[in-house]
Amino acid sequence: MYMNTRAQLPRYIAIVLLVLAARAQAQERPLPDPAVFLPEVKKRLQTDQTLQSSYSFVETRRERKLDGGGRATSESVKVFENYPGLPGEPRWERLISEDGRAVPADELAKQDRERRQKAEEYARRLSAQPEKERARQNREWDKDRREVAKTVDDIFRVYDVRMVGREAIDGHGTIRFSLVPRPDAQPDTREGGVMRHFTGTAWVSESDYELVRVEIEAIDDLSIGLGLLARIHKGTTATYQRRKVNNETWLPAQVTWTAGARVLLVRRLRIRGISDFSGYRKFTVDTSTTYSTPSS
């Protein structure tokens, strides 16, 4: 055993040297030209709903109440099947499990009946006035596209976006960016106004120009709902992680957030939320609801 280990030692050393050399070469390789790279990234920034429009998936939501030390005092877990919505409507969420207990069959049947009724109502509208219905859909889609474009523009209006270096995430090569709010930024959207309160780091696929991960941190206090609903405190962090599905589309994998909440204007809580996305499948009208419930 001893002799065998000694005999292999030169091989181990050679492997280590090759790895170190590869890392050094990667660091020495010039970063992409931001003037070329960032416009490609901007083209691919879209809302989750747009990206997920061709997929059904499972979303597991965990909400944890925290004590002053950051320890969880309670947890609720809900599991949803998530399907593309009817034109002009949000996605359809089908609750299938809560706190480890499957939703009863009669409740699932009720959800399905309500969904069928909406689908039948839409089919009747489309059949009775196809041109009017399609015109309405086109107006909604155009409105959504304009709003998304304005929000994306605000990202680059609010933040000083700078390349920091290269980093591998789950084996995928990315370019890391720092996002620092400009003190004189004048955003055009409500989302842009919120961005001014956060600094962040973003990782973008070097080959696909797609967002892979974002981490943000509040640089001051921010109230939501005029301060009556929740308050995000300075130092609060959130993360957003994506993965490539079917080797074709980058889709959400996990979102985490922490916020302070005020209940009935008196009681204060700290809440941590975690949403995991799994089981992505190309959606058709024949896609069956045969997901297995993820363990909590």
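Using only side-chain charges placed at the Cβ, +1 for Lys and Arg and -1 for Asp and Glu, the dipole size of region 51-132 relative to its Cα centre rounds to 100 debye. Across Glu89, Glu59, the residue with the most accessible area heads the list, and the full order at a 1.4 Å probe is Glu89, Glu59.
Label-to-label distance, Val161 versus Leu66, with points set 7 angstrom from Cα along the beta-carbon direction: 2.9 nm. Here region 109-155 and region 39-83 have alpha carbon centers that stand 23 Å from each other. Going down the list Lys78/Lys132; Lys118/Lys143; Lys42/Lys132; Lys42/Lys110, which pairs span over 31 Å between their C-alpha atoms? Exceeds cut-off: Lys78/Lys132; Lys42/Lys132; Lys42/Lys110.
Full extension of the chain segment joining Thr237 with Phe283 gains 13.2 nm, where the gain is 0.36 nm per residue of separation less the Cα-Cα distance.
Spin-label pair Ser207-Glu40: with each label point 7 Å from Cα along the Cα-Cβ axis, the two points sit 1.2 nm from one another.
Straight-distance candidates among the lysines for linking to Lys234, with alpha-carbon spacing under 20 Å and chain neighbours fewer than 8 residues away dropped: Lys65.
Note on surface exposure: His233, His197 rank His233, His197 by accessible area, highest first, 1.4 Å probe.
Per-residue accessible area (protein heavy atoms, 1.4 Å probe) orders Asp153, Asp184, Asp170 as Asp170, Asp184, Asp153, starting from the largest.
When you filter the trypsin sites (Lys or Arg not before Pro) in region 146-245 for DSSP loop state and at most 12 other Cβ atoms inside 10 Å of their Cβ, you are left with Lys234.
When the Cα gyration tensor is reduced to axis lengths a ≥ b ≥ c, the ratio a/c is 1.5 or higher for region 106-177, and with a/b not above b/c it is classed as oblate.
Once you sort the root eigenvalues of the Cα gyration tensor of region 69-113 as a ≥ b ≥ c, which label holds: rounded (a/c under 1.5), prolate (a/b larger than b/c) or oblate (the other case)? Oblate is the answer for region 69-113, as a/c is 1.5 or above yet b/c matches or exceeds a/b.
The values are calculated or read from the model by the stated rules, or taken from the named source; none is laboratory data. Note that this is a predicted model, so its numbers are computed, not measured. Note: ideal-geometry Cβ built from the backbone for every residue, glycine included; neighbour counts use all protein chains shown. Note: areas computed on protein heavy atoms with side chains; ligands, DNA, RNA excluded. Shrake-Rupley method; radii C 1.70, N 1.55, O 1.52, S 1.80 Å.
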